[in-house]
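The values are calculated or read from the model by the stated rules, or taken from the named source; none is laboratory data. Quick caveat: nothing in here was measured; it's all calculated off a predicted structure. When we count neighbours, we look across all protein chains shown, and the Cβ atoms used for this are built from the backbone with ideal geometry, even at glycine.
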Amino acid sequence: MSEKKQERVGVYVCHCGSNIAGVVDVFDVASWAEENLKHQGVVIAREYKFMCSSLGQELIEKDIKELGLTRVVVAACSPHLHEKTFRTAAKNAGLNPYLVELASIREQVSWVHTDKAVATKKSKAVVAGAVSRVIENVPLEELKVPINPNTLVVGGGIAGIQAALEIANAGFHVYLVEREPSIGGHMAQFDKTFPTLDCSACILTPRMVEAGTHPNITLMTWSEVVNVSGYVGSFNVTVKKKARFVNEELCTGCGICEEKCPKKVIDEVFEAGLGYRKAVYTPFAQAVPKYPVMDRENCTYFIKGTCKACEKFCPTGAIDFKQEDQLINIEVGNIILATGYDLFDARRVSNYGYGRLPNVFTSLEFERLSNAAGPTNGNIVMRDGKTTPKSVGIIHCVGSRDKNFNNYCSVICCMQGLKFAHLVHERTGATVYNFYIDMRTAYKAYDEFYQRVLEEGTLFVRGKVAEVTNAARNEHERGKLIIQVEDTLAGKQRRIPVDMVILSSGLQPRADSKEVGKLFGISCSTDGWFTEKHPKLDPVATMTEGIYIAGCSQGPKDIPSSVAQGAAASARVLDKILQREVALEPIKASVNQEMCSGCRICNGLCPFNAITFHEDLMVTEINPALCQGCGTCVAACPAGAISGTGFSDQQIMAQIDGLLLRNLEPVGV
Amino acid sequence: MPQMTDERVRAGLTREEDLSLLHEVSMKTAGVSHLEMCIQCGTCGGSCPAAQDMDHTPRMLFAMLRAGMREEVLRSNTPWICVSCYHCVVRCPQEVHIADVMYTLKGMAIKAKLYTDSTAPDFSQTFVDMVETYGRSFELGLASRHYLKHFPLRLPSMTPMGFGMVTKGRMPIKPKRIRHMKQLNNILNRAKQLELTS
Amino acid sequence: MNKYLFYPGCSMESSAKAYMQSMNAILEPLDLQMEEIEDWNCCGATEYLGINLIPAYSLIARNLALATKQMNGTRTVTAPCSACYLNLAKADYYMQERPSLGAKVNEALAAGGLQYTPGTLEIRHLIDILVYDIGLETIRSKVSRPLTGLRVAPYMGCMLPRPDYKHRWSDHEHPTELDDLLRALGVEVIDYPLTTNCCGGHMTQIGPETAFELIRRLVADADERGAHLMATVCPMCQMNLDAYQGEMNHYFGTDYHMPILFFTQLMGLAFGREPGDLGIGAELVSSRNALANIGVEVPVTQEPAAPRKKDEGLPMPRRWTKHEGKEAVK
């Protein structure tokens, strides 16, 4: 301990109703602190029913003013909840807010212990640690940075479109970046939407057109973000605009090139592998933008050096085989990620036969099959392309709620399965079976839809399907797909022969979600979904300031929820834009360049890309605006050259001493 | 034997030891059974190639374990019909070691003498006796002893097959015995004094 | 010379003699050596596990303990019988997953002066060694009499691909190892959806009606798909399907005649060995007529690459591969 002026510390122990007081003797903790931590500078220790109430806060403010407190310790809940409350109270009373420490005696004591004596003793140690630490705290000032009013939205599905439109309509500029040739996302592939059976295209395409023509939206399709630097308020983003080999200035979207192109390719993306496209193509009629793209891998000219049929027939000379990928730099203040989901690969469930048995279809295949603009013009037929099924089995939870595949519920599959049942019934009159583990039809008008499908005569079997097989055991089964299942409500194994099986496949994170998360400096759950700042109270923000998430990239959800999240994220961005500047937490790491050995160990570790290395000086520097104060580099530095404000070695060591009650005068607990 | 448990369950009564039945079975099973994780989806009952001959599907048996229906579970022919094909095991979304639980239930049924049909337990016991005598299985001895006791009427129709097996040299008349039979018996005798509880 | 420790299992010296004989016939051309574990005992099949847990695992573990004494240069134990393979693999795996089981088993082994540390050995099935260590290329190179024209239902059975503690197989339900191996011999492998369904196991002994139904399903489906014979990898499967086929026919009033051969017998034939050296003829359902198909001398040709007929209608998704599976899991 250095020679310093004696600080005047106030300790405030919260009852939190009975949350803390039920397990911890709060009166004992307060009086113990006042008596035993006196030599540390504790001049007052109080307990109160709810410190976070305005009366509780006033108590602290009054003491700061009247007793001349220079440090405050509040023993209450986790700093996550009320640190800001008590810092504001200190600020109101004229004390630098960073001279307040929270001692968590709720999450770390009363909620995890039952023995009152032990819990009280531990609370005293936690309080002693906080007191020792707060003495080492230094006053800090928030950093203010201006906000660039432009926004980047990544992903042009319905969530991204919604977010872009909200911001653009508020008068601010949006860059909407989409990997595929057109915006629209998965929703553009669907025929009908549950539970209202709105035509998906009819409700989506007006939004797509609006996004495509909005003066405040710069649409960048067939493009990907390849680099992000900067921080909230001023991100610098590099977008790779892949060569379309079509001059957008000249192209009228007439479609002649596509018509004349001799190369037919299975469309794995938009048609879910169930239909064909050409090597030069627009994925669907209402695509936005209307310009086609040329698929270099399949184009005959690129493979063999001859053909150029598209070029010959293009009336405006828009085909340009010399086009190259372009890197475009844009500057934005905030970013919304709405990168969507991948469909679970149903071939992995080999007992369901997808990929082996022709008449087993995935949900996305069925969407295309039932879509009037799809490969069969909306005729629900079997793989031969012509036969209408007389009986159809729809299997729920494919790849979801299964430790062999994905452990989570994919949310949409029950309703999707019901929608399929309705469409099959309506269009073919076939007998329809739905196989489910639990029927999950929460939310407005969803269960009513279930009722409707029941009424239509769909046969529901409660049981996870064991297998789909073509090994018939008798005449009745011959030539059919047999669904073998335990009808758990009847308590019997059943074998149900059908003509067609539809797998209600689950959703999973994009295959590259972890890399994308790293690119933008945000984290993913173990499954690979982007992690929100708070699962209940902050669902569209992330731990990185200025980066927001919306739609299925955050977790499986249906269209209404995706739209709601897109709108919510845009509201958060507008709030930031309208503030014009943003205050950054002053909890930052900094490098003592004298001590830095230039080993670069910290360079690759920073999750926020805040560290740069100066080759000329052989030292590392941390950008304070980018640094989020996570402490990874501090812990990693072998030279001890990096320290974190708010988490200095002195503070940490003092807190440990306090926790171990080493700073006590020999009175004992 | 009185159907005590059943009545008690119907009356909504459960005893402490009934509630602990699931735990007991789980503890006695090799490996980590995950039995408590069952979500009653029926994958096991749907997968089972012999379900049509079972009193209860495996799924029902697990529900009955939860309900503390000890006697009914141990009387059920289900574990004895299990052919150990492991279809249910690899398909179970909760990774329950179903086949191993079936082995546990067989052992418990034998101890409690609660099985209904003695064919299967007798076969297992005869097999074990052969192994404990010779260290190897002795198919002719096993088959003749077992068939004489349980399927005497099938013997005539079995004869051609047995004759075929013997004449084709596929069923030796004399058993083979391992050299260190005593060592094996020491191991097995020690093992019989041990039980898996934790 | 590739050397492996070898656990034959009881059937190999009795009901599955033909398996042993044919395996021995292919070892030399493939440069394989199998060193038998000395004084091995029965693995307990599916019977011991149901009677008494710790003795059952101790019975199995004695073999593992004995094998460790012969580990000079290899730690791989090869079992040709699926039930033995599973029991050995299971004991090794559970002794690790449940340390209290491992401790008790070792306590019992100690009474015989033995000890086994789970994970010491690698337990593998014969076909695993052939496909993944020897390789299809080598096998193909040894084929002197391609079995062209022989239509075979590949029957893997259940205890080989499941529960698959160490993820050795391409799939739990429709593994391709046996198909690939048979194709390397020139065999026409039929699409056989029941390839990993159960042969009835011990039910032939304790509930014959149940077993007959399982046998009927397998034989009937192979027959319906035009198989000349079925190839198995397990003595119990061979025994149930072959020896009980007559009784099954009697029970259902059917008249199936589906020969069941070990895959090693087909390998031996393809390698140019004579049926008599391979135990062919020991099966109760004679394979004489089926093998007449390869009695015809066929010139050595490449694997038949039948031109695929252009599909009409809607395209099929690409077939699933093991490699892809690993990608997806990541």
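Quick rundown of the values:
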read-out	value
Residue within region A:578-592 that is in contact with a Cys (Cβ under 6 Å, 6 or more places away or on another chain) and at pLDDT 90 or above present	yes
Unmet criterion (only one of (1) in contact (Cβ under 8 Å) with a residue 12 or more places away in the chain; (2) among the aliphatic types (A, V, I, L, M); (3) assigned to a helix (DSSP H, G or I); (4) surrounded by fewer than 20 Cβ atoms within 10 Å (Cβ to Cβ)) for A:Ile203	(1)
In region B:181-194, residue nearest to C:Arg98 (Cα to Cα) [restricted to those that are facing another protein chain (nearest Cβ under 8 Å) and touching a residue at least 40 places away in the same chain (Cβ under 8 Å)]	B:Leu188
Exclusive hit being within 34 Å of the chain's Cα centre (by Cα) and without any contact (Cβ under 8 Å) to a residue 40 or more places away in the chain, set A:Leu95, A:Leu102	A:Leu102
Subset of region B:154-176 [more than 8 Å from chain C (Cβ to nearest Cβ) and farther than 24 Å from C:Gly246 by Cα]	B:Lys174, B:Pro175
Residue among C:Ala83, C:Ala61 that is touching a helix residue (DSSP H, G or I) at 6+ places or on another chain (Cβ under 8 Å) and under 14 Å from C:Gly9 (Cβ atoms)	C:Ala83
Matching helices (runs of 4 or more DSSP H) fully within region B:57-135 where at least 2 residues are within 13 Å of chain C (Cβ to nearest Cβ) and touching a residue at least 60 places away in the same chain (Cβ under 8 Å)	B:98-112
Residue in region B:184-194 that is outside the structural domain of B:Glu24 (by TED's automatic domain parsing), exposed (fewer than 12 other Cβ atoms within 10 Å of the Cβ), closer than 20 Å to B:Val128 by Cβ and not polar (S, T, N, Q) present	no
Residues of region A:437-462 classified as within 14 Å of another protein chain (Cβ to nearest Cβ) and either in contact with a Phe, Trp or Tyr (Cβ under 9 Å, 6 or more places away or on another chain) or farther than 24 Å from B:Pro58 by Cα (or both), total	5
Selected residue (criterion: nearest to the other protein chains (Cβ to nearest Cβ)) from residues of region C:137-161 that are part of a loop (DSSP other than H, G, I, E, B) and among the aliphatic types (A, V, I, L, M)	C:Met159
Hits in region B:153-174 (condition: buried (at least 18 other Cβ atoms within 10 Å of the Cβ) and under 27 Å from C:Leu49 (Cα atoms))	B:Arg170, B:Met171
Selected residue (criterion: nearest to the other protein chains (Cβ to nearest Cβ)) from residues of region B:139-153 that are touching an Asp or Glu at 6+ places or on another chain (Cβ under 9 Å) and over 25 Å from C:Lys17 (Cβ atoms)	B:His150
Among the residues listed as A:Ser562, A:Ser513, A:Ser504, the single one being under 15 Å from A:Thr339 (Cβ atoms) and not assigned by TED's automatic domain parsing to the domain that holds A:Ile203	A:Ser513
Residues of region C:199-247 that turn out to be within 24 Å of C:Gly50 (Cβ to Cβ), more than 19 Å from the chain's Cα centre (by Cα) and either in the same structural domain as C:Gly9 (by TED's automatic domain parsing) or touching a residue at least 60 places away in the same chain (Cβ under 8 Å) (or both), as a count	0
Those residues of region A:237-262 which are part of a loop (DSSP other than H, G, I, E, B), farther than 28 Å from A:Phe190 by Cβ and either within 14 Å of another protein chain (Cβ to nearest Cβ) or touching a strand residue (DSSP E or B) at 6+ places or on another chain (Cβ under 7 Å) (or both), in sequence order	A:Phe245
Any helices (runs of 4 or more DSSP H) falling wholly within region C:24-132 and containing at least 2 residues that are surrounded by fewer than 20 Cβ atoms within 10 Å (Cβ to Cβ) and facing chain B (nearest Cβ under 7 Å)	C:99-110
Yes/no for A:Val109 being touching a residue at least 24 places away in the same chain (Cβ under 8 Å), touching a Ser or Thr at 6+ places or on another chain (Cβ under 7 Å) and of a type in the set (Val, Ile, Thr)	yes
In region C:200-259, residue surrounded by the fewest Cβ atoms within 10 Å (Cβ to Cβ) [restricted to those that are more than 12 Å from chain B (Cβ to nearest Cβ) and β-branched (Val, Ile, Thr)]	C:Thr254
Residue ID - nearest to the other protein chains (Cβ to nearest Cβ), chosen from residues in region A:373-395 that are of a type in the set (A, V, I, L, M, F, W, C) and in contact (Cβ under 8 Å) with a residue 40 or more places away in the chain	A:Met382
Hits in region B:35-53 - residues which are facing another protein chain (nearest Cβ under 9 Å) and not small (Gly, Ala, Ser)	B:Met37, B:Ile39, B:Gln40, B:Cys41, B:Thr43, B:Cys44, B:Cys48, B:Pro49, B:Gln52, B:Asp53
Residue in region A:647-669 that is of a type in the set (Gly, Ala, Ser) and within 28 Å of A:Val228 (Cα to Cα) present	no
Residue satisfying all of: in region A:463-481; surrounded by fewer than 22 Cβ atoms within 10 Å (Cβ to Cβ) and not charged (D, E, K, R); farthest from the other protein chains (Cβ to nearest Cβ) among these	A:His476
Output for region A:81-93, where each listed residue is over 18 Å from A:Ala583 (Cα atoms) and modelled with pLDDT under 95	A:Leu81, A:His82
Meets criteria (within 11 Å of chain B (Cβ to nearest Cβ), of a type in the set (D, E, K, R) and under 24 Å from B:Cys92 (Cβ atoms)) for C:Asp164	yes
Top-ranked residue of region C:179-199 - restricted to ones that are of a type outside the set (Val, Ile, Thr) and not in a loop (DSSP other than H, G, I, E, B), ranked as farthest from the other protein chains (Cβ to nearest Cβ)	C:Ala184
Residue check, A:Val145 part of a strand (DSSP E or B), at pLDDT 95 or above and of a type in the set (Val, Ile, Thr)	no
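Yes/no per residue for (1) at pLDDT below 95; (2) crowded, with 24+ Cβ neighbours inside 10 Å; (3) in a loop (DSSP other than H, G, I, E, B):
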position: A:Pro497; (1), (2), (3): no, no, no
position: A:Lys518; (1), (2), (3): yes, no, no
position: A:Thr526; (1), (2), (3): yes, no, yes
position: A:Glu532; (1), (2), (3): no, no, yes
position: A:Tyr548; (1), (2), (3): no, yes, no
position: A:Lys557; (1), (2), (3): no, no, yes
position: A:Val563; (1), (2), (3): no, no, no
position: A:Ala568; (1), (2), (3): no, no, no
